[in-house]
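Report on the following structure.
The values are calculated or read from the model by the stated rules, or taken from the named source; none is laboratory data. The structure presented is a predicted model; accordingly, all values stated were derived computationally and were not measured. Quick reminder, even Gly has a Cβ in these numbers, built from the backbone with ideal geometry, and neighbours come from all protein chains shown. These area figures cover heavy atoms from the full protein model, side chains too; ligands, DNA and RNA do not enter into them. Shrake-Rupley method; radii C 1.70, N 1.55, O 1.52, S 1.80 Å.
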Amino acid sequence: MAIASPSAPSFSASFCRTRTETPSTFTRIPSIFTHRAKPRPLTRRLALSARFNKSTSSDAGGSVSPDNGEPENGEPDDSELQYELFHGLSPQRCRKGSPVFVTLPLDTVGPLGLLRRPRAMVQSLKALAAAGVEGVVMEVWWGLVERDQPMLYNWEGYLEIVALARRCGLKVRAVLAFHQCGTGPEDPHWIPLPLWVLDEIDKDPDLAYSDRFGRRNMEYVSLGCDMLPVLLGRSPLQAYADFMRNFRDTFRPFLGVVITRIQVGMGPAGELRYPSCPTQKLTWAWRSRELGEFQCYDKYMLASLNACARAIGMPEWGNGGPIGAGNLMQNLEQTDFFKSHHGSWTTPYGNFFLEWYSGMLLLHGERICREAETIFRGTEASTSVKVAGIHWHYRTQSHPSEITAGYYNTRLRDGYLPIARMLAKFGFTLCCSCFELQDLEEQRMNPVGSPEGLLRQLLSAARVCDIPLEGETSTTSLDHQSFQQVVRMSKFYSYGLEKPSFSFNFVRMDKKMFEYHNWIRFNRFVRQMSDANAFRAKLEVDAMPDTRRSPTSISDVAKFGMGSTYC
C-alpha cells in the first residue's frame with residue numbers, strides 16, 4: 001500500500017548549511033531477478049581475427065595532431081581510400097591517445113526489456129570492433145528494468161548486450177538512467193519513469209519538479225524528496241540504491257572485465273542538473289536564448305528553502321524563487337534578476353537563493369555518489385557523473401541558463417569547481433559534452449554563447465581536482481570539422497599531464513554512421529584518438545542459422561551497414 005507523502009515536510013536548519021551527511025541505513029529487501037534467457041540453437045561458431053601492422057608515425061614525439069595525415073580539405077584522397085578499402089583498415093600508427101566508445105541507439109532494448117534485432121546488433125558490434133573502437137555505451141533504463149513493480153527487475157536485454165560485446169572483444173560502459181526518455185507516448189523513443197513511480201506522482205504531484213507557473217516536469221523525481229519515503233515506503237535515494245545494488249549483483253561476473261565504467265544518472269538526461277529547460281529543447285535552446293526556469297516550487301523544495309531562510313533570520317526569502325527573473329524567451333538585460341549591471345543576482349538575497357539552489361543540487365549528487373561508491377567498491381569498475389553543457393549565455397555576466405539549471409557559475413563565481421571537488425572526493429570521473437561544438441559556428445546564431453569557453457572551464461576544473469575526464473558529443477556529428485574539434489579539445493585537457501586519463505563517447509550509433517564516407521571519417525577519427533599499436537581484433541560470436549560472411553573491410557562494412565546493421 002502506498003505511503004502518502006507528508007503534507008508539510010519539515011527540515012532542520014542545519015539541512016541548508018551542510019553538504020555532507022551520515023549515510024542513512026536502509027533495510028535490505030531481497031531483490032527479484034527476472035532474467036529468463038531463451039535458449040538459442042548453436043549451429044556453428046565463427047572466429048574472425050584481423051591483425052594490422054603498425055607504421056611509423058610522422059610525429060617524432062608520437063603526439064596526436066588534428067592535421068596529422070589529413071589533406072587540407074579534410075577528406076581522404078583516392079589512393080588512401082583505395083588502400084583502406086583493400087586492406088580493411090588503414091595502417092595503424094604508433095601514438096598515444098584515448099579510447100573511443102560508441103553509444104548504442106535509444107531503442108536497443110524494447111519496451112518489454114528484450115534486445116531488438118540481435119543479429120543486426122552482432123554485425124554492428126563487429127564493425128565497431130574492426131574499426132578499433134574500445135567499446136559501447138549502454139543506457140540501462142529504470143523505466144524498463146523496474147517497470148511494473150518495485151523491486152522486480154528485468155535485466156534480460158542488457159545481459160544479452162553485454163554478452164555480445166564480450167564476444168566481439170568490446171568493453172561496455174553502463175549508464176544507469178533514472179530519468180525519462182523522449183517527449184511522450186507518441187515519441188518512438190519514449191521511455192517513461194517506472195509505471196509504479198508514475199502512479200505515486202499521480203497521487204502526489206509534488207514528487208515532480210515545478211516552476212513558478214505550476215508546470216510539472218516528469219523527467220526526474222524532484223530531489224527535494226530524496227530522503228522521504230514517498231515511493232511505496234522507500235525514498236527515491238533508496239530506490240536508486242536498490243537498483244544499483246541489484247545491477248551489481250546481476251552483472252558481477254562482468255564488472256571490471258567487460259563493464260569497465262558505470263555512469264550514475266542524477267537528473268534529466270542523466271545529468272546532474274535541474275530540468276530548467278525541457279531536455280528535448282536543449283539541442284536548440286541556444287537559438288532562442290532561453291533563460292530557463294527555476295525548479296523550486298514543489299512543496300518539498302519550498303519547505304527546504306523556507307527552513308534555510310528562517311535559519312538565517314530572513315523568513316521572507318523563503319517563499320519561492322527570485323522575483324524579476326523574466327521569462328524563458330526574454331532578453332536577460334530586461335530582467336531585474338539577471339541583468340548585467342545591478343541585477344539582483346549580485347545582492348545578498350540573490351547570493352542566498354543561488355547558494356541554496358545550487359547547494360541542494362550538490363547535496364543530491366553527494367548522496368548518490370556516496371551510495372554508488374559503497375555499492376560498487378571492489379568491483380574494479382570505475383564510476384562517473386555527467387554535467388550538462390549549457391553554454392548559450394556563457395559570455396554574459398550572470399549566466400542565466402546555467403544558474404537556472406543549478407550551476408551557480410557567473411563572472412564572479414566558479415560554479416563547476418565544487419562539483420569537480422565532490423567527484424574527486426568519491427573517486428568519480430567527470431563526463432561532459434559539447435566536444436564537437438565550435439564558438440565560430442555557434443556564435444553566428446547566438447553571439448553570447450560559447451561552448452568552447454564552457455568546456456575549457458569544465459576541463460580546467462577536472463585538471464585542478466585531478467579527476468579523469470569522459471568527453472561526449474552533444475549531437476551525432478559525422479563531419480570532418482566536428483571530429484577534429486574533438487581532437488583539439490581532448491588535447492586541451494591532456495596537455496602537460498604526466499598521466500592524462502581521457503576517453504571519449506561518440507553519441508550515437510545510427511545508420512548514417514555506416515555510410516561509406518562517414519565510416520571512413522569515423523575510422524580515421526578513432527585512429528587519431530586511440531592507441532594504434534599493431535591493432536588486433538578477435539571476434540567470436542554465436543552464428544545465427546542464416547549468418548552471412550562477416551564484414552572485415554571498410555567496403556564490406558559500408559555496404560553491409562546500410563542494409564543490415566542495427567540502425
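Scan region 462-503 for residues that are over 11 Å from SER98 (Cα atoms) and among the hydroxyl-bearing types (Ser, Thr, Tyr) and jot them down.
Listed by number, the residues that qualify are THR473, SER474, THR475, THR476, SER477, SER482, TYR493, TYR495.
Sort out which residues of region 342-387 are closer than 24 Å to ALA462 by Cβ, outside any helix (DSSP H, G or I), modelled with pLDDT of 95 or more and not basic (Lys, Arg), and write them in order of number.
Matches in region 342-387: THR379, ALA381, SER382, THR383, SER384, VAL385, VAL387.
Each row is one residue, and each column tells you yes or no for (1) open to solvent by 10 Å² or more (accessible area, probe 1.4 Å); (2) on the phi < 0 side of the Ramachandran plot; (3) not in a helix (DSSP H, G or I).
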{"site": "TYR408", "(1), (2), (3)": "yes, yes, yes"}
{"site": "THR429", "(1), (2), (3)": "no, yes, yes"}
{"site": "LEU437", "(1), (2), (3)": "yes, yes, yes"}
{"site": "PRO447", "(1), (2), (3)": "yes, yes, yes"}
{"site": "GLN481", "(1), (2), (3)": "yes, yes, no"}
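Please pick out the residue among GLN238, GLN149 that is among the polar types (S, T, N, Q) and free of Cβ contacts under 8 Å to residues at least 60 places away in the same chain.
Being among the polar types (S, T, N, Q) and free of Cβ contacts under 8 Å to residues at least 60 places away in the same chain holds for just one of GLN238, GLN149, which is GLN149.
With the condition kept exactly as written, say whether any residue in region 286-299 is modelled with pLDDT under 95 and surrounded by fewer than 20 Cβ atoms within 10 Å (Cβ to Cβ).
Taking region 286-299 first, the residues modelled with pLDDT under 95 are 286-293.
Okay, now just the ones that are also surrounded by fewer than 20 Cβ atoms within 10 Å (Cβ to Cβ), so 287-288.
Yes, region 286-299 contains at least one residue that is modelled with pLDDT under 95 and surrounded by fewer than 20 Cβ atoms within 10 Å (Cβ to Cβ).
Sort through TYR240, TYR274 and tell me the only one that's within 30 Å of ILE323 (Cβ to Cβ) and out of contact with any Cys (no Cβ under 6 Å at 6 or more places or on another chain).
On the way: TYR240 fails: within 30 Å of ILE323 (Cβ to Cβ).
So the residue among TYR240, TYR274 that is within 30 Å of ILE323 (Cβ to Cβ) and out of contact with any Cys (no Cβ under 6 Å at 6 or more places or on another chain) is TYR274.
Looking at VAL140, VAL133, VAL172, which one is assigned to a loop (DSSP other than H, G, I, E, B), at pLDDT 95 or above and out of contact with any Asp or Glu (no Cβ under 7 Å at 6 or more places or on another chain)?
Answer to the check: VAL133.
Going by the structure shown, is TRP190 touching a Ser or Thr at 6+ places or on another chain (Cβ under 9 Å) and either open to solvent by 30 Å² or more (accessible area, probe 1.4 Å) or free of Cβ contacts under 8 Å to residues at least 60 places away in the same chain (or both)?
Taking the combined requirement at face value, the residue satisfies it.
Could you look through region 200-244, keep only residues that are of a type in the set (Asp, Glu) and over 23 Å from the mean Cα position of the chain (by Cα), and pick out the one that is most open to solvent (accessible area, probe 1.4 Å)?
Among those residues, the one meeting the criterion is ASP202.
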